[in-house]
1. Can you pull out the chymotrypsin sites (Phe, Trp or Tyr not before Pro) in region 1-75 that DSSP calls coil and that have at most 12 other Cβ atoms within 10 Å?
2. Just checking my list (1) 30, 27, 23; (2) 38, 28, 21; (3) 51, 32, 28 against Cα extents along the principal axes in Å computed from this structure; which label fits?
Amino acid sequence: MSEAELQSYGSLLNWVWNEYGHKSGIELSDETHAPGTPWQTIAASRNYSVPLGFEIPAKEDWRYFSNLAMERGWKAETFKG
């Protein structure tokens, strides 16, 4: 991974932490299971029968959170997703 990619991921992770780090588990669950989120999209595509331990692909999380961050005014020129 290049230095620019590392900075891009680090920048997004900082945004996610600042946006969500103070929230309770219930609040996080409500937000991460809302319509349009990676969890909800994948669960719906599987008729809400998701195997235990199923992992959401990292690219899905990246796409969702980077778009959300930019919609909320985050300006990071290095976002590439």
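1. Hits after loop and neighbour filter: Tyr48, Phe54.
2. (2)
Read-outs throughout are calculated quantities, based only on the coordinates presented, and are distinct from any laboratory measurement. Remember, predicted model here, so these are calculated numbers, not experimental data. Cβ sites come from the backbone with ideal geometry, for glycine too, and all protein chains shown count toward neighbours.
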